[in-house]
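Undergrad: The following block contains the structure, expressed as structure tokens.
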Amino acid sequence: MTTDTAHIAWNAAWATEEGRAAWETPAPQVVDALTAAKLSGAVSALDVGCGVGRHALAMAQLGFETTALDASDNGLEMLRGRAGALGVSVNTRQGMMTALPFADAAFDFTLSWNVIYHGDPLVVHKTAAELTRVTKPGGRMLITMLSKRRHDYGRGVEVAKDTFVQPGAPGDKSHPHFFVGAADLLALFPGFETLSLVDNEGAKSGTWHFEFLATRVG
């Protein structure tokens, strides 16, 4: 069974103004991490699961050589239009997070914000390995993962370990979502040294998710 299917729901969302509305402003945590990486000498940056491009545009505006990947053609089209309007350069690629079309150690900074938990354990492990592969030794990575403290952990049908689908739910909830504890998350990325790991509650009560910033070793 294919479980990395949430991009189907997001592609539909990106086609509407309403669907894009909450996803056009970069997260302050991301901007802070990018700024620190830039000051430390980082040059190239990759946004995996870029959506309509809020973080890829922030990368480009900070002066990074920016690459953005998404499975959604609607999201990438929106990103290209916004980049043109802002006069910044973003290399856009359509593809899946489980098979990144980039060379080993290609990027100083890799980002995947609210993305890689969309799938079962196999999808998540493949994606973690790909993020590790494309990050330069000494480079930084920032990701988010759904926490087992989250209000919807255990809700719906468990289709694989710690992976739940809510049949008939709106948006991407009818597609698989994978949840972790802190130890589970760290085990996914043995090639990284932790800089920061925070289980953060979102704006809505109970929407806990991990924010993980780390440096690639090796």
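Coordinate-derived values only; no laboratory data. Everything quoted here is computed from the prediction, not taken from an experiment. In this analysis, Cβ positions are derived from the backbone assuming ideal geometry, glycine residues included, and neighbour counts consider all displayed protein chains.
Undergrad: Can you name the number of the only condition in (1) among the small types (G, A, S); (2) in contact (Cβ under 8 Å) with a residue 12 or more places away in the chain; (3) surrounded by fewer than 20 Cβ atoms within 10 Å (Cβ to Cβ) that A42 fails?
TA: Result: A42 fails condition (3) only.
Undergrad: Taking the criterion of being touching a residue at least 24 places away in the same chain (Cβ under 8 Å), within 16 Å of the chain's Cα centre (by Cα), buried (at least 22 other Cβ atoms within 10 Å of the Cβ) and outside any loop (DSSP other than H, G, I, E, B), would at least one residue in the range 116-123 satisfy it?
TA: Taking every residue of the range 116-123 in turn, at least one turns out to be touching a residue at least 24 places away in the same chain (Cβ under 8 Å), within 16 Å of the chain's Cα centre (by Cα), buried (at least 22 other Cβ atoms within 10 Å of the Cβ) and outside any loop (DSSP other than H, G, I, E, B).
Undergrad: Restrict the check to the range 73-88 and report whether at least one residue is crowded, with 17+ Cβ neighbours inside 10 Å, assigned to a loop (DSSP other than H, G, I, E, B), touching a residue at least 60 places away in the same chain (Cβ under 8 Å) and touching a strand residue (DSSP E or B) at 6+ places or on another chain (Cβ under 9 Å).
TA: No: the range 73-88 contains no residue that is crowded, with 17+ Cβ neighbours inside 10 Å, assigned to a loop (DSSP other than H, G, I, E, B), touching a residue at least 60 places away in the same chain (Cβ under 8 Å) and touching a strand residue (DSSP E or B) at 6+ places or on another chain (Cβ under 9 Å).
Undergrad: Report, by residue number, each residue of the range 84-98 that is over 14 Å from T132 (Cβ atoms), within 16 Å of the chain's Cα centre (by Cα) and not charged (D, E, K, R).
TA: Here is the first cut: in the range 84-98, the ones over 14 Å from T132 (Cβ atoms) are 84-96.
Narrowing further to those that are within 16 Å of the chain's Cα centre (by Cα): 92-96.
Scanning the range 84-98 gives T92, Q94, G95, M96.
Undergrad: Then there is this: Do you know which of the residues in the range 54-69 that are closer than 23 Å to D4 by Cβ and touching a Ser or Thr at 6+ places or on another chain (Cβ under 8 Å) is surrounded by the most Cβ atoms within 10 Å (Cβ to Cβ)?
TA: So in the range 54-69, the residues closer than 23 Å to D4 by Cβ come out as 54-56, 67-69.
Subset that is touching a Ser or Thr at 6+ places or on another chain (Cβ under 8 Å): 54, 56, 67-69.
On the way: R54: 20, A56: 30, T67: 24, A68: 27, L69: 23.
This residue is A56.
Undergrad: Within the range 41-63, can you find the residues that are touching a helix residue (DSSP H, G or I) at 6+ places or on another chain (Cβ under 7 Å), in a loop (DSSP other than H, G, I, E, B) and under 18 Å from V134 (Cα atoms)?
TA: Answer for the range 41-63, where residues must be touching a helix residue (DSSP H, G or I) at 6+ places or on another chain (Cβ under 7 Å), in a loop (DSSP other than H, G, I, E, B) and under 18 Å from V134 (Cα atoms): just C50.
Undergrad: Filter the range 99-113 for residues that are buried (at least 17 other Cβ atoms within 10 Å of the Cβ) and either more than 12 Å from L131 (Cβ to Cβ) or not small (G, A, S) (or both) and give the result.
TA: Once the filter is applied, which keeps residues that are buried (at least 17 other Cβ atoms within 10 Å of the Cβ) and either more than 12 Å from L131 (Cβ to Cβ) or not small (G, A, S) (or both), the range 99-113 yields L100, F102, F107, D108, F109, T110, L111, W113.
Undergrad: Residues of the range 52-77 being under 13 Å from the mean Cα position of the chain (by Cα) and over 21 Å from T98 (Cα atoms), which ones?
TA: The answer is R54, and nothing else.
Undergrad: Then there is this: The conditions are (1) touching a residue at least 40 places away in the same chain (Cβ under 8 Å); (2) touching a Gly at 6+ places or on another chain (Cβ under 6 Å); (3) β-branched (V, I, T), and V52 fails exactly one of them. Which is it?
TA: Single failed check for V52: (1).
Undergrad: How many residues does the range 162-171 contain that are in a helix (DSSP H, G or I) and out of contact with any helix residue (DSSP H, G or I) (no Cβ under 7 Å at 6 or more places or on another chain)? Break it down stepwise before answering.
TA: Let us first name the residues in the range 162-171 that are in a helix (DSSP H, G or I), namely 171.
Filter once more, keeping what is out of contact with any helix residue (DSSP H, G or I) (no Cβ under 7 Å at 6 or more places or on another chain): none.
Result for the range 162-171: 0.
Undergrad: May I pose another question? Being out of contact with any strand residue (DSSP E or B) (no Cβ under 7 Å at 6 or more places or on another chain), assigned to a helix (DSSP H, G or I), of a type in the set (A, V, I, L, M, F, W, C) and surrounded by fewer than 23 Cβ atoms within 10 Å (Cβ to Cβ), is that true of even one residue in the range 148-161?
TA: no
Undergrad: Which residues, taken from the range 125-147, are surrounded by fewer than 21 Cβ atoms within 10 Å (Cβ to Cβ), of a type in the set (G, A, S) and not in a strand (DSSP E or B)?
TA: A129
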